[in-house]
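One structure below.
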Amino acid sequence: MKFLKKAILATLMLGFAGLSAAATPTMNWMIKSSEPLEQITFGLTINAAAPTDEFYFAYQFGFTDGGDIAYTGIQPTKNSADGNRQFMVLFSSFRKDTSPEHENCKGGADGAKAGATCRLYIPGELGDTFRFKVTKSGQTVTGTVLNETSGREDTIGQWTVGASAGTLTESQIAWIENYKMNNPNYKLSCDNKGWPYYQLKFLPPVGNNGDVAGTISSISRGSDTCPGAIKSTHDASGTLVEGGFK
């Protein structure tokens, strides 16, 4: 996810259009609130995804007084040792003033010394809807995930930020990343082995424990490497994205 962080630094100066140079499908989310945002819940339904380590579906968020960004999301992964379906959920910060405060977390984000990364394996099934809650209380930021379908809720992690961070911002992006492509030696193949099929729906976020409704945009782009491999539909209920090959 390193290239997304670099793209975000450009975005802070140029707006969301600054991400167009990155070959990553993105969506803009927004929550217009008359009160400071101290809590945001993001949602994602995964209808199809191969049990492989390749893709990351995420929501990014920031802080009103500036500084680097943070994100939370989910990665399909290999089945557990007993053959059951599982996913990895993440909650990370790139901020230099971040300190990890939970057993699921460690210092550093995406190989950098700054920030913190929290990760946890959770059970789940295709068709499940996952809700990612980000809560800022004072200097402490907590990330949880609720499997709305099964009712299971887990704490992904917790970290602190500096007192100057401010509250949560009203807008940022969501994205789909093939993180294998961060390796310069990796070459994506346009078939079901190189790009296994996925279908997922990014849901509009809500703020301050459901008091404020948000929106999410349509997807920004398809695939340069495999034209036509990414399709999407968008309405008020969210953005449905299909990618890859069956």
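The values are calculated or read from the model by the stated rules, or taken from the named source; none is laboratory data. Since the structure is predicted, the reported quantities are computational estimates derived from the model, not experimental observations. Here the Cβ is made from the backbone with ideal geometry for all residues, glycine too, and neighbour counts use every protein chain on show.
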Open item on the list: Going residue by residue through the stretch 179-186, is there one that turns out to be buried (at least 17 other Cβ atoms within 10 Å of the Cβ) and within 30 Å of K32 (Cβ to Cβ)?
Closed with: no
Task: Set D97, D53, D65: member being more than 21 Å from E153 (Cα to Cα), acidic (D, E) and modelled with pLDDT under 95 - done: D65
Open item on the list: If the requirement is being assigned to a loop (DSSP other than H, G, I, E, B), within 18 Å of the chain's Cα centre (by Cα) and in contact (Cβ under 8 Å) with a residue 40 or more places away in the chain, which of these qualifies: D97, D110?
Closed with: D110
Task: Where A81 falls short, out of the listed (1) surrounded by 16 or more Cβ atoms within 10 Å (Cβ to Cβ); (2) under 26 Å from D154 (Cα atoms) - done: (1)
TODO: Select, from G222, G207, the only residue that is surrounded by fewer than 18 Cβ atoms within 10 Å (Cβ to Cβ) and either touching a residue at least 60 places away in the same chain (Cβ under 8 Å) or closer than 26 Å to T98 by Cβ (or both).
DONE: G222
- [ ] Return the residue satisfying two criteria in turn: it lies in the stretch 153-170 and is in a loop (DSSP other than H, G, I, E, B) and in contact (Cβ under 8 Å) with a residue 40 or more places away in the chain, and of such residues it is farthest from Q139 (Cα to Cα).
- [x] E170
